[in-house]
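Q: Following this message is one structure expressed as structure tokens.
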Amino acid sequence: MEAYHEYNREYDLPEEDLNPFLIGSFGERSIAVLEQNSGKVLMLIHNYAGDHPFQEVAPHFNGLMEVLAESAIWVQEQMK
């Protein structure tokens, strides 16, 4: 939450449009955000150089879980 509030001060995030719900972290201080109006999963990118520091990661939370599960399976297969 502290990092999110820091980003909000730096970028003046449009919360009334996003209705964000913080769900985790992607590492290196990038934050995972569930956009409650649309259900999309967004990444609030740390040290973003543009005007809008959000990047869509998945169309919904289940989509994010599918990507993470597929990544874990791929890593496990590579380790064999």
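Q: Would you mind putting 29-36, 53-60, 65-72, 2-9 in packing order, based on average other-beta-carbon counts within 10 Å, highest first?
A: 29-36, 53-60, 2-9, 65-72
Q: Among A49, I73, G27, flag the residue with its Cα farthest along the positive direction of the charge dipole of the chain, charges on Cβ as +1 for Lys/Arg and -1 for Asp/Glu.
A: Looking along the dipole axis, the top candidate is I73.
Q: Below 8 Å between Cα atoms, with a sequence gap of 6+, how large is the relative contact order for the chain in percent?
A: Once normalised by length, the contact order is 18 percent.
Q: Next question. At 0.36 nm per residue, and after removing the present C-alpha to C-alpha distance, how many nm does the segment from E6 to V75 gain when stretched out fully?
A: Extra length available between E6 and V75 comes to 21.5 nm.
Q: Report, in deg cm²/dmol and to the nearest 500, the calculated mean residue ellipticity at 222 nm for the chain, where each DSSP H run with n ≥ 4 adds -39500 (n - 2.57) and the sum is divided by the residue count.
A: Taken over the chain, the calculation gives -12000 deg cm²/dmol.
Q: Treating only the Cβ of Lys, Arg, Asp and Glu as charged (+1, +1, -1, -1), what charge dipole size does the chain show about its Cα centre? Round to the nearest 20 debye.
A: Dipole of the chain, to the nearest 20 debye: 340 debye.
Every read-out reported here was derived from the displayed coordinates using simple, explicitly stated rules and does not represent laboratory data. Note that this is a predicted model, so its numbers are computed, not measured. Here the Cβ is made from the backbone with ideal geometry for all residues, glycine too, and neighbour counts use every protein chain on show.
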